[in-house]
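The values are calculated or read from the model by the stated rules, or taken from the named source; none is laboratory data. Source: prediction; values computed, not measured. Counting neighbours? That spans all protein chains shown, and the Cβs are built from the backbone with ideal geometry, glycine included. In case anyone asks, the SASA skips ligands and DNA or RNA and just uses the protein heavy atoms, side chains included. Shrake-Rupley method; radii C 1.70, N 1.55, O 1.52, S 1.80 Å.
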Amino acid sequence: MSEKKIPYKIYLDESEIPQNWYNVRADMPTKPAPLLNPATGAPLTAEEMSGIFCEELVAQELDNDTAYIPIPQEIRDFYKMYRPAPLIRAYCLEKALGTPAKIYYKFEGNNTSGSHKLNSAIAQAYYAKKQGLKGVTTETGAGQWGTALSMACAYLGLDCKVFMVKVSYEQKPFRREVMRTYGAEVTPSPSMTTAVGRKILEEHPGTTGSLGCAISEAVEVATSTPGYRYVLGSVLNQVLLHQSVIGLESKAALDKYGVKPDIIIGCAGGGSNLGGLISPFMGEKLRGEKDYRFIAVEPASCPSFTRGKFAYDFCDTGKICPLAKMYTLGSGFIPSANHAGGLRFHGMSSTLSQLYHDGMMEAVAVEQTAVFEAAEKFARIEGILPAPESSHAIRVAIDEALKCKETGEEKTILFGLTGTGYFDMVAYQKFNDGVMTDYIPTDEDLAVGFSALPVVPGQE
Ligand SMILES: *Cc1c(COP(=O)(O)O)cnc(C)c1O
């Protein structure tokens, strides 16, 4: 086949926004383990879940069999405001590295929330609205998810209550104001407004909070306020499903030019962007049609895949959420205070955890100074100021491209550039001032988190 000249940006037409989400679980020989009711240890029923989540989203969460799920037209109309997202050939980066590798990245930062999270926020808000609910509650750490959800709720006329991890609430006042501009009510977590927040504050006075605490508070408010449900920005099967638009568009763009990636790389916090990016490619691998290498990149200071245990665990600190089987560091794990790079959730998507456990993908952990070096290089060469989270994927894409330089192999690398870093300038400042440090938890540090894993009958 004669090779077509690949443009710097491959744009799809509006009509090429996917009509369906792709559900990778349908092609998995071993399905992800079900969520369990923490009180009984039995799989959570749809009825039990519907007290927490919207009905349609419960159906998506439990559906391990339907490969293609239609995207409602209203959601596709919203997607049109910022999708299709461009797939960029990193010609400048390839040249600067002097690598024979061909590097592509899917850029998801082209919207005000600045990340891929809007892809699932609009879907979750849509189903809440369709069910006739008044509003939704959620947590946010760095603030991208809260911002995305605020935008989606403003568009649909839904109330949005966000519990924001206290340290971010204080360090990122502008994130907070963006959410309030879109009409959200933002509360620093842990707060005195919930029973679980008061309990956490009593046990850990002065705590600056964690995602796990904020989740507990948001779930409590959703389950105790009529007309409200809880929504989550990552980890869940439904979120990976919505994020499959990233992979579907990437694949459609590459297919136009007959390009097949060898290596697909994404950063992994709760696993939603990585899951969404790799899903259609993973489907081909699971069906035995094509082979790819998939690499999850996580921070060395929060190493769920590379050093965690594959076990049932709580998703939140207050232990009021269902149990999920996943690679986890324990629900009490909080990354060290010097960690600035995001991706700080203690667990990982059950779907990706199962795929990793089955040897279908790899994972690497990287230290934050190396991540910011890659971020700075990328900003200077490709022009986009990347989010620290996204820069984990950049780091490993550069490392793989440099390996190709040594071996002379012309591999094709695709990575997910999940967002922009304008609200992360305190972290960049630390890096620029040369005061950013690395911290890798010791085995003893991790043992503390593991010792608090719940005992589930029938689990090792
Ligand atoms: C939230 C976020 C991530 C990590 O979340 P995943 O669910 O693992 O994708 C990565 N990059 C950006 C920009 C984010 O906002």
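Using a Cα-Cα cut-off of under 30 Å, which lysines could be cross-linked to Lys430, ignoring same-chain neighbours fewer than 8 residues away? Here the lysines satisfying the reach criterion relative to Lys430 are Lys95, Lys106, Lys117, Lys166, Lys172, Lys377, Lys403.
Given +1 on the Cβ of Lys and Arg, -1 on the Cβ of Asp and Glu, and no further charges, what dipole in debye does the chain carry about its Cα centre, rounded to the nearest 20?
860 debye
Positive-end ranking of Ala252, Tyr327, Thr208 along the dipole of the chain, with charges on Cβ about the Cα centre, is headed by Ala252.
Across all Cα atoms of the range 29-78, the radius of gyration (one decimal) and Dmax (whole number) stand at 13.5, 42 Å. Using only Cα atoms, find the angle between the long axis of helix 211-224 and the longest principal axis of the chain, and express it within 0 to 90 degrees, rounded to the nearest 10. Roughly 50 degrees, rounded to the nearest 10. Charging the Cβ of each Asp and Glu at -1 and of each Lys and Arg at +1, and nothing else, the dipole of the range 1-95 about its Cα centre rounds to 780 debye. To put it simply, the accessible area of the range 210-353 at a 1.4 Å probe is 53 percent carbon and sulfur.
Partners of Lys31 within straight-line reach, counting lysines whose Cα lies under 20 Å from its Cα and excluding those fewer than 8 residues away in the same chain: Lys285, Lys309, Lys325.
At a probe radius of 1.4 angstrom, the accessible area of the chain per residue rounds to 38 square angstrom.
Taking the Cα centre of the range 78-157 as origin and assigning +1 to Lys and Arg Cβ atoms and -1 to Asp and Glu Cβ atoms, the resulting dipole is close to 260 debye. Rounded to two decimals, what is Rg over Rh for the range 412-460 when you use alpha-carbon atoms and the Kirkwood radius? Across the range 412-460, the Cα-based Rg/Rh ratio is 1.22. All alpha carbon pair distances within the range 157-227 were sorted into 10 Å bins beginning at 0; the resulting P(r) in whole percents reads 21, 51, 26, 2. The Rg/Rh ratio for the range 1-89 is 1.14, where Rg is the radius of gyration of the alpha carbons and Rh is the Kirkwood radius.
When each of the peptides 241-252, 316-327, 89-100 is scored by the mean number of other C-beta atoms lying within 10 Å of its residues, the order from highest to lowest reads 241-252, 316-327, 89-100.
Comparing Ile384, Gly146, Gly41 along the charge dipole axis of the chain, the residue lying farthest to the positive side is Ile384, per the Cβ-charge model. Diagonalising the gyration tensor over the Cα atoms of the chain and scaling each eigenvalue by 5 before taking the square root yields semi-axes of 32, 25, 22 Å, largest first.
Using the average count of surrounding beta-carbon atoms within 10 Å as a protection proxy, the listed peptides 32-38, 59-65, 428-434 rank, highest first, as 32-38, 59-65, 428-434. Between amide H atoms placed 1.01 Å from N, distances below 5 Å from Tyr104 occur with Ala90, Ile413, Leu414, Phe415, all of them 5 or more places distant or on a separate chain.
Ranked by the mean number of other Cβ atoms within 10 Å of their residues, highest first, the peptides 47-56, 306-315 fall in the order 306-315, 47-56.
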